[in-house]
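Data first, discussion second: the structure below is written as structure tokens.
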Amino acid sequence: MASETAGSRDLTPGPAGVFLYFSDLLDRAIVDCDGHSIGKLADLSIRLGEPYPFIQQVFIRPTGQSEILLIASGNHVRSWTADPIVLSARLSELRPGRRQDETQILLKEALLDKQVVDVSGAKVERVNDLSLIVLPEGKMVLAHIDVGTRGLVRRLGWEKAIDATVRTIDPKSRYLKSEQLIGWKYVVPTVADPAGLRLALSQKSIMRLHPADLAEILEDLPAASRQPLFEALEVSTAARVLSEVEDPRIQEELLTEQSDPEKAADVLETMAPDAAADVLSELPSEDAEKLLARMQPEDARTVSSLMGHQEDTAGSLMTTEVITFPGTITVAEAFRRLREVAGNVEFLYQFYVVDEKRRLAGSVNMRRLFLGKDTDRLADVMAPWTISVHPEDSPSEVAEVIEKYNLAAVPVVDQDRVLLGMITVDDILTEVFPLAWKKKLQL
Amino acid sequence: MEEEVATLRRGREERRRLRWRNVLLFLAVIGPGIITANVDNDAGGITTYSLAGAQYGTKLLWTLLPITLALIVVQEMSARMGAVTGKGLADLIRENYGVKLTFYLMITLLVANYGNTVSEFAGVAASLQLFGVSKFISVPLAAVGIWALVVRGTYRGVERIFLAACVFYFVYPISAFLARPVWPQVLRDAVIPTRFEFNSGYIGMLIALVGTTIAPWMQFYLQSSVVEKGIRKDRYWISRWDVIVGCVVTDVVAFFIIVACAATLFTHGVTIRDAADAARSLEPLAGRYASSLFAFGLLNASLFSAAILPLSTVYYVCEAFGWEAGVDKKWGEAKAFYGIYTAMLTLGAAVVLLPKFPLIQTMFVSQIANGIALPPVLIFMLLLVNKKSLMGDQVNSRFFNAVAWGTTAVVVGLTLLLIANGFGLEIGRRVAGSG
């Protein structure tokens, strides 16, 4: 799906050492340095934001207790591979307690059997097991999560039986070698405090994911996990992701359930005005009003004017983010002005020449600008035809115009030919592309 | 305490202020409960209620009141868990109880729901046989049609047609009235329990009545629907009404099916051997058109459930194991999803095509299987809904716990009785054989 953007899956074990499965360690007996039995291993914690995180704390359930957990530091384990696990500390040195802070997560509580985001495959996966590596000096790190069928079978305790069966049927079966491990550095947990999640995201290659892939991941996650992940994204990423989310119900939920309404408004400001208007017009009018009130007055005005257009018309599809020039300036001047605004504009291929009343006079694209001489006036290099559509035209009419004249964007004008905005080819494509087959069949 | 009262009062005031908005909200939130209720009255449901009326007259009507109460409580728990946690039931079970328990529960449900799927196709076969269509034509056509409808994503539009066709159930109350049952008797039997009978027929019927009304798969389906609809804590109180209305509708329909069958079939000593017999319960209303009317209703119910039930089963199995699911995924991406779904439909349809396949019995027995599979699901639901870490202050009240645990205990008790009875018969037969 997004293998190009996310990079290939990394299966090489980083550090060399002994592999262990977390499911094998769980409930294993633990003894202290004097050989006294302490209890059983209940959980392990790691610090977020490290590619190969060391085990920080060992949570031990004392024999006969179910409520209180004893904590030992990860450094106090003499031998991870032994059964029972041997600590280098005394029982009396252990203290009861909970997880230290939000920069740590517990493997069982937050990862095992839970859903996580696999950044390398741009997918939501369920964790069947975790693979740990004991380094030569005795410390243990978390290396991979296991999302494969073999992991599932191992947890069920049928590994030997199934392996033997498969081997008799087909000794070369792919199943016998197919460990589906994902390097921890590509994994983002979905159960974590917002602060912890932000820390996790900062180290992961999640920023290499295309916003469209991120949007699909959000849609695949259970509702409860969407919000924290969305909130952990930076405003600019969040804005692009939000406009890529297809289900209007999820868009609404992501916006209205933002813990910080100020950030929701920031996200809307950062979005292209047409996309922001689309999202807001799906909201209950009360919620939309509240968000508009928090936006910069200017952005809010643009967006709410776009919201006034009837659904499924050119007006509702257009963006007001259009670059216009007077016909009197030179090509060199046009380039200078373009450089100034380039950072704030999404679509930078098509510009329009307007008169002092903002009436459409002609169009200029990058190609025409590059071919012109620095001293040429725009009125001389522009295409003199002014193909345009009206706000009340239907999407299919707009698509026909764009197709017929091979345009990257078409301007929208009113009866007096005053330029209102433009519709880009990608916006019209999403509109007329037969999406029916893609629509999720919601239960 | 005072604070609570104040919060309540404030909540109530806010609700009044938002009255008009509420109407709109209600329309946005309503649906999952009503749809679940109508799918609940599927081929197995119609058959079980018809058999109950034909074999026992109005004697089993009293069970409907406690069953309705239990249904409301259980469904409300599902909807509340969906709204508070934002996760499906299979999801919650896997995350809280690990892979092993989830696996065996899913296997149980796959088997029970496979039985249900078979019963839906039996319903298709039985109903179209009344129109003279051979099952060798109707069942494969239905299977292929439903498969295509769902996999190509066009199901959503058709759902409204199914739902609209559910007005069919109104024919039962009318037919029941026209059949002139002895109303004082009917009402008495509806409230006062009749004598318990210790035989496997009676106990099996009780389990089937519970199992068909409070079906295990419904809890998964309802919870997922609530999550998918984006219903959250603040709008949850509307969803609660959706659920209650749906449950009451289900059981009012059940009530009148039983009364209609009691007044027409039981009084004339007719036993139901095939769909034509069951259709005679509509004769007071429809006369010689009764069998066409019944066939139409049964066909709609069967198709509606055949479209939803196998699909929802596959969804939550995939949800539990983290396999890609959804008809928006390609075959290569979601092999398990499409594979299990296709297998359920084809195997479900294939079994019905066996020569001399007992249609009515299958529809009934699958509901007993539902009943037997219910307690494990209820136990998981109860454990989850009482977890503070998941539900916060939305954990079950004592009353809800009592009703739900009570239901679990009763069904387990009945199942044990049924097994004991079966063994009893077996032993009796052996003794008789050896002697």
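Kindly establish whether residue B:105 is within 14 Å of chain A (Cβ to nearest Cβ) and buried (at least 24 other Cβ atoms within 10 Å of the Cβ).
Criteria not met by residue B:105.
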For this session: Considering only residues that are aliphatic (A, V, I, L, M) and touching a residue at least 40 places away in the same chain (Cβ under 8 Å), look in the stretch A:125-142 and name the one that is surrounded by the fewest Cβ atoms within 10 Å (Cβ to Cβ).
Result: A:135
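Check the stretch A:277-287 and report whether any residue there is under 17 Å from residue A:344 (Cβ atoms), part of a helix (DSSP H, G or I) and of a type in the set (D, E, K, R).
no
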Problem set entry | All positions within the stretch B:321-338 that are of a type in the set (Gly, Ala, Ser) and touching a strand residue (DSSP E or B) at 6+ places or on another chain (Cβ under 8 Å) | B:322
For this session: Among the numbered conditions (1) touching a residue at least 24 places away in the same chain (Cβ under 8 Å); (2) hydrophobic (A, V, I, L, M, F, W, C); (3) assigned to a loop (DSSP other than H, G, I, E, B), tell me where residue A:399 comes up short.
Result: (3)
Exercise. Only one of these conditions is not met by residue A:162: (1) under 21 Å from the mean Cα position of the chain (by Cα); (2) within 14 Å of another protein chain (Cβ to nearest Cβ). Which number is it?
Worked result: (1)
For this session: Could you identify the single residue in A:314, A:288, A:334, A:293 that is crowded, with 18+ Cβ neighbours inside 10 Å, among the small types (Gly, Ala, Ser) and assigned by TED's automatic domain parsing to the domain that holds residue A:225?
Result: A:288
For this session: May I ask you to say which residue of B:265, B:285, B:222 is of a type in the set (A, V, I, L, M, F, W, C), touching an Asp or Glu at 6+ places or on another chain (Cβ under 8 Å) and in a helix (DSSP H, G or I)?
Result: B:265
Exercise. Going by the conditions given, is residue B:181 surrounded by 13 or more Cβ atoms within 10 Å (Cβ to Cβ), of a type outside the set (Val, Ile, Thr) and over 24 Å from the mean Cα position of the chain (by Cα)?
Worked result: yes
For this session: Taking the options B:212, B:264, B:271, name whichever one is closer than 30 Å to residue B:84 by Cα and β-branched (Val, Ile, Thr).
Result: B:212
For this session: Within the stretch A:110-129, count every residue that is more than 10 Å from chain B (Cβ to nearest Cβ) and of a type in the set (Asp, Glu).
Result: 1
Exercise. Does residue A:90 count as modelled with pLDDT of 85 or more, out of contact with any Leu (no Cβ under 8 Å at 6 or more places or on another chain) and assigned by TED's automatic domain parsing to the domain that holds residue A:25?
Worked result: no
Exercise. Taking the condition assigned by TED's automatic domain parsing to the domain that holds residue A:283, surrounded by 16 or more Cβ atoms within 10 Å (Cβ to Cβ) and within 30 Å of residue A:280 (Cβ to Cβ), does residue A:303 pass?
Worked result: yes
Exercise. Only one of A:226, A:249, A:240 is closer than 24 Å to residue A:284 by Cα, assigned to a helix (DSSP H, G or I) and touching a Pro at 6+ places or on another chain (Cβ under 8 Å); which?
Worked result: A:240
For this session: Collect the residues in the stretch B:57-95 that are among the polar types (S, T, N, Q), modelled with pLDDT of 90 or more and over 30 Å from residue B:271 (Cα atoms), keeping them in residue-number order.
Result: B:75, B:78
For this session: Quickly run through the stretch B:73-90 and pick out the residues that are farther than 17 Å from residue B:233 by Cβ and among the β-branched types (Val, Ile, Thr).
Result: B:73, B:74
Problem set entry | Residues within the stretch A:286-313 that are more than 18 Å from residue A:271 (Cβ to Cβ) and over 30 Å from the mean Cα position of the chain (by Cα), tallied | 2
For this session: May I ask you to list pairs of residues, at least six apart or on different chains, whose Cβ atoms are under 7 Å apart, with the first in the stretch B:82-96 being free of Cβ contacts under 8 Å to residues at least 60 places away in the same chain and at the interface with chain A (Cβ under 8 Å from one of its Cβ atoms) and the second being of a type in the set (Asp, Glu) and surrounded by fewer than 24 Cβ atoms within 10 Å (Cβ to Cβ)?
Result: B:95/A:113
Exercise. Does residue B:206 meet the test of being more than 14 Å from chain A (Cβ to nearest Cβ) and assigned to a helix (DSSP H, G or I)?
Worked result: yes
Seminar exercise, completed: Within the stretch A:171-188, of all residues that are surrounded by 11 or more Cβ atoms within 10 Å (Cβ to Cβ) and out of contact with any helix residue (DSSP H, G or I) (no Cβ under 8 Å at 6 or more places or on another chain), the one nearest to residue A:229 (Cα to Cα) is A:187
Seminar exercise, completed: Taking the stretch B:245-263 and keeping residues closer than 13 Å to residue B:73 by Cα and surrounded by 17 or more Cβ atoms within 10 Å (Cβ to Cβ) leaves B:246, B:247
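The values are calculated or read from the model by the stated rules, or taken from the named source; none is laboratory data. Note that this is a predicted model, so its numbers are computed, not measured. Glycine also receives a Cβ, built like all others from the backbone with ideal geometry; neighbour counts cover every protein chain displayed.
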